[in-house]
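Student: Following this message is one structure expressed as structure tokens.
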Amino acid sequence: MRLVVWMTPIGADRRTVSPADVVRRLRRALAGLVLAGLACTAPLAWAQRPSTPTPTPTPATSGPASQASASVRDQEIASCQTGELRTWADGRDRPAASRTLRFAYRHDGAPSWFTASAVLALVQASAQAWSACGLTLQVLSVPRDGVPPEDAIQILWSEVGSRGQFGLANLAARSLSLSPGLFGVLRQRRPQYPAQETLQMTLSHEMGHFLGLMAHSRRCVDVMSYYDDGRGQRCSLRDPASWGTVIEYRAQLPTACDLERCRALNR
């Protein structure tokens with residue numbers, strides 16, 4: 001079983017979302033978790049597996065075939081080949097608002113099993129990985145009931161802000177919201193699943209939107225990807241046999257293609 005998460009940025013607050021809207025969206029997301037085991041519903045469609053004809057995914061093993069497939073995924077993460085810089089054209093990439101971005105993490109409202117230091121370390125890991133793009137990303141911690149710097153992008157736990165998704169970037173509000181409810185359901189239904197990996201991927205993905213990567217990647221492995229556009233088109237793999245060898249094919253940190261896109265935008 002794999003975990004599927006689709007996260008979409010908000011470029012501007014074009015509408016007001018009421019608490020009732022948030023409840024409805026959270027219920028839809030929870031229904032997705034029930035139906036798909038761990039999957040989170042997307043605003044437009046279910047996130048699905050790639051279009052390449054592959055066998056039904058099975059848990060990864062330690063045999064040679066699994067190791068070979070895992071190495072293909074590792075190669076996809078580490079390199080970006082000609083023709084692989086493709087997106088779903090669901091957004092228009094643009095340079096980051098500044099060459100120096102500050103992310104302020106607020107731990108208030110976080111699930112009890114995530115310590116402040118552990119989440120802060122994940123935020124720092126995502127920021128450090130994205131810094132290879134050539135931008136300066138700084139991370140600071142906001143004390144309980146503290147006020148973040150005015151120019152900082154606030155990372156916080158909020159059901160209203162996350163709008164029924166694991167994470168959501170709101171560029172207009174300069175906020176990156178995480179859903180305590182969905183991470184709670186993930187822990188309840190799969191207590192042995194390493195939820196910190198999902199959190200790492202969510203943070204990296206949403207940070208990427210603040211760096212200007214508005215469109216989503218069509219490479220399954222990219223942290224800026226999603227698997228299905230809702231119209232029958234699926235993400236791409238170098239080797240279809242590698243699908244299903246890991247729980248979540250998407251990387252937790254930006255890949256070579258993610259970074260190449262970021263560099264091109266922010267030269």
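Student: For the structure I just gave you, tell me whether residue 252 is more than 21 Å from residue 121 (Cβ to Cβ), open to solvent by 10 Å² or more (accessible area, probe 1.4 Å) and free of Cβ contacts under 8 Å to residues at least 60 places away in the same chain.
Tutor: No: the conditions fail for residue 252.
Student: If I filter region 170-186 for residues that are closer than 28 Å to residue 247 by Cβ and free of Cβ contacts under 8 Å to residues at least 24 places away in the same chain, do I get at least one hit?
Tutor: Yes.
Student: Next question. Taking region 149-192 as the region of interest, how many residues are in a loop (DSSP other than H, G, I, E, B) and open to solvent by less than 30 Å² (accessible area, probe 1.4 Å)?
Tutor: 6
Student: Oh, and also: Could you check residue 138 against (1) out of contact with any helix residue (DSSP H, G or I) (no Cβ under 6 Å at 6 or more places or on another chain); (2) at pLDDT 95 or above; (3) open to solvent by less than 20 Å² (accessible area, probe 1.4 Å) and say which number it fails?
Tutor: That leaves (3) as the condition not met.
Student: Could you go through region 234-242 and let me know if any residue there is touching a Ser or Thr at 6+ places or on another chain (Cβ under 6 Å) and of a type in the set (Lys, Arg).
Tutor: Scanning region 234-242, I find at least one residue that is touching a Ser or Thr at 6+ places or on another chain (Cβ under 6 Å) and of a type in the set (Lys, Arg), so the answer is yes.
Student: Another one. When residue 261 is evaluated against the numbered criteria (1) farther than 21 Å from residue 95 by Cβ; (2) open to solvent by 10 Å² or more (accessible area, probe 1.4 Å); (3) charged (D, E, K, R), which criterion, by number, is the only one it fails?
Tutor: Only one criterion is unmet by residue 261, namely (1).
Student: Looking for something among the basic types (Lys, Arg), modelled with pLDDT of 95 or more and either over 22 Å from residue 130 (Cα atoms) or open to solvent by less than 20 Å² (accessible area, probe 1.4 Å) (or both) - is there at least one such residue anywhere in region 210-228?
Tutor: Yes - at least one qualifying residue is present in region 210-228.
Student: In addition: Picking from 100, 87, 61, 56, which residue would you name as being loosely packed, with under 14 Cβ neighbours inside 10 Å, β-branched (Val, Ile, Thr) and modelled with pLDDT of 95 or more?
Tutor: Sole residue among the options that is loosely packed, with under 14 Cβ neighbours inside 10 Å, β-branched (Val, Ile, Thr) and modelled with pLDDT of 95 or more: 100.
Student: With 191, 240, 148 as the choices, which residue is more than 25 Å from residue 112 (Cβ to Cβ) and more than 15 Å from the chain's Cα centre (by Cα)?
Tutor: 240
Student: Pairs under 6 Å by beta carbon, first residue over 12 Å from residue 182 (Cα atoms) in region 147-164, partner assigned to a loop (DSSP other than H, G, I, E, B), six or more apart or different chains?
Tutor: As it stands, the answer is 153/174; 154/148, since those pairs meet every condition given.
Student: Report the residue count in region 103-114 for those that are more than 23 Å from residue 208 (Cα to Cα) and either under 19 Å from the mean Cα position of the chain (by Cα) or open to solvent by 40 Å² or more (accessible area, probe 1.4 Å) (or both).
Tutor: Residues flagged as more than 23 Å from residue 208 (Cα to Cα) and either under 19 Å from the mean Cα position of the chain (by Cα) or open to solvent by 40 Å² or more (accessible area, probe 1.4 Å) (or both) within region 103-114 amount to 4.
Student: Is it the case that region 115-127 has a residue that's part of a loop (DSSP other than H, G, I, E, B) and surrounded by 14 or more Cβ atoms within 10 Å (Cβ to Cβ)?
Tutor: No, because not a single residue in region 115-127 is part of a loop (DSSP other than H, G, I, E, B) and surrounded by 14 or more Cβ atoms within 10 Å (Cβ to Cβ).
The values are calculated or read from the model by the stated rules, or taken from the named source; none is laboratory data. Keep in mind it's a predicted model, so treat the numbers as computed, not measured. Backbone-built Cβ (ideal geometry, glycine too); neighbour counts: all protein chains shown. The area values use the complete protein model at the heavy-atom level, side chains included, leaving out ligands, DNA and RNA. Shrake-Rupley method; radii C 1.70, N 1.55, O 1.52, S 1.80 Å.
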